[in-house]
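*Asks:* What follows is a structure written as structure tokens; I'll ask about it next.
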């Protein structure tokens, strides 16, 4: 169903509006949706230049019940930015100013279109950084990270993005502008609206400003890699290290297949075995912590333990940071399907990795596994021949089985990619009917006309019969 978006031309905006076909088609999909041919072309694209622009567009769209789908860098992996019901794609990338840096308070104020790496570059002169930055920092906007509650390799030590957002300016569906949170590092005042917006995937409001907390750069940084005889040994070593309280900043698991793919793509010369990449941050005593870590790994038959030079460390982390591209380029006849990002309690981490690999072997699928092992997060993607419908079905079954098992073991369907389009069917399995009903009630209260990113999160909106009737409409 198309929508008449001509009202956008009548608004007094500082930003830009386009009805051009090429502009609309460029906002039809995110990375994964584009690969899968699941894009939906919006009726118009708007690039707001201010909070006032966002407010004016949303107010007018809500009055006409025209859907608005926020769009950041388009790097999401669950169709989060696909305008399923057409309408307006609201591209936030032109709101990309760093508004203020307050080093004495360890804070920075930014607009949502600021790229992640710009934050770290801006505060580097003050000896600071933004700890939960995802690996895709040079490709992702701060706004996208916030509404997807992103996380990265340093989550095991520093937590996820939600833990470092202090205050947000948010525009609701009817154009109301509110401030959620506080610039104080803690508050017990009223409902925690900030955390309601974080991770909401643009279904509750549009973020127009964020105050982020910063951390001082550690004086000591050392890292390296460890190689094991088997994936079981590597995964068990991760669990043992975390439960023993080893203070790692990063601890990433790479299976032999993923290592092979990295070597093919980068020619890094990594040993094609089960590996852990790790990094330690400290202001003192870093060598003692590394010695403790090595002792734990030795109890799990570590075959090789390396503390890398700075140059070698850059090479190791590049292989990990761009592993998704290596998987995609591994075999020209195969394509990765639906990247998974389940997270489980750390005691179950060896079990979920073992389950994923065994299931792939049983179904005769290539399934590289890697991820933020220290917080129980594993990434995986089955590679299949796109012309083989039976292989496609096996890959989807394996994906679903891993998610279901993770939830059964007390974990989550998504550690960082979000629900979007791809995981809607798991929402009730994870949160129960009561939890999903409560989410619907919140959505209905804040967006009674269901204009903000409709078709995401809630399972019943998978059908093409129209948007769900939410409480409050």
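*Asks:* From the list 37, 74, 79, 87, which one is at pLDDT below 95, farther than 18 Å from residue 146 by Cα and not assigned by TED's automatic domain parsing to the domain that holds residue 181? Can you show your working first?
*Replies:* Details: 74 fails: farther than 18 Å from residue 146 by Cα; 79 fails: farther than 18 Å from residue 146 by Cα; 87 fails: at pLDDT below 95.
Exactly one residue qualifies, and that residue is 37.
*Asks:* Please go through (1) over 20 Å from residue 281 (Cβ atoms); (2) free of Cβ contacts under 8 Å to residues at least 24 places away in the same chain; (3) outside any helix (DSSP H, G or I) for residue 118 and return the number of the only condition it doesn't satisfy.
*Replies:* The one condition residue 118 does not meet is (3).
*Asks:* Within segment 27-100, which strands (runs of 3 or more DSSP E) (wholly inside it) include 1 or more residues that are in contact with a helix residue (DSSP H, G or I) (Cβ under 8 Å, 6 or more places away or on another chain) and touching a residue at least 60 places away in the same chain (Cβ under 8 Å)?
*Replies:* 68-71, 88-91
*Asks:* Okay, moving on. Being in contact with a strand residue (DSSP E or B) (Cβ under 6 Å, 6 or more places away or on another chain) and surrounded by fewer than 22 Cβ atoms within 10 Å (Cβ to Cβ) is the filter; apply it to segment 337-367 and report the residue that is farthest from residue 238 (Cα to Cα).
*Replies:* That would be 365.
*Asks:* Here's a follow-up. Look at segment 146-167 and say how many of its residues are without any contact (Cβ under 8 Å) to a residue 40 or more places away in the chain and in a helix (DSSP H, G or I).
*Replies:* 3
*Asks:* Also: May I ask you to verify whether residue 297 is more than 19 Å from residue 156 (Cβ to Cβ) and modelled with pLDDT of 95 or more?
*Replies:* Here the answer is no, as residue 297 does not meet what is asked.
*Asks:* Right, something else. Can you work out which of the residues in segment 302-338 that are in a strand (DSSP E or B) and modelled with pLDDT under 90 is farthest from residue 366 (Cα to Cα)?
*Replies:* So, considering only residues that are in a strand (DSSP E or B) and modelled with pLDDT under 90, the one farthest from residue 366 (Cα to Cα) is 338.
*Asks:* Which residues, taken from segment 4-24, are within 30 Å of the chain's Cα centre (by Cα), more than 17 Å from residue 39 (Cβ to Cβ) and outside any strand (DSSP E or B)?
*Replies:* The answer is 15, 19.
*Asks:* Counting only residues that are surrounded by fewer than 22 Cβ atoms within 10 Å (Cβ to Cβ), give me the strands (runs of 3 or more DSSP E) lying completely in segment 211-301 with at least 3 of them.
*Replies:* Correct list: 220-228.
*Asks:* Could you please find all residues in segment 261-274 being touching a helix residue (DSSP H, G or I) at 6+ places or on another chain (Cβ under 9 Å) and either over 20 Å from residue 239 (Cα atoms) or outside the structural domain of residue 302 (by TED's automatic domain parsing) (or both)?
*Replies:* If the condition is that a residue be touching a helix residue (DSSP H, G or I) at 6+ places or on another chain (Cβ under 9 Å) and either over 20 Å from residue 239 (Cα atoms) or outside the structural domain of residue 302 (by TED's automatic domain parsing) (or both), then 261, 262, 263, 264, 265, 266, 268, 269, 270, 271, 272 are the ones that fit.
The values are calculated or read from the model by the stated rules, or taken from the named source; none is laboratory data. Everything numeric here is computed off the predicted structure, so don't read it as measured data. Heads up, the Cβs are rebuilt from the backbone with ideal geometry, glycines too, and the neighbour counts pull from every protein chain shown.
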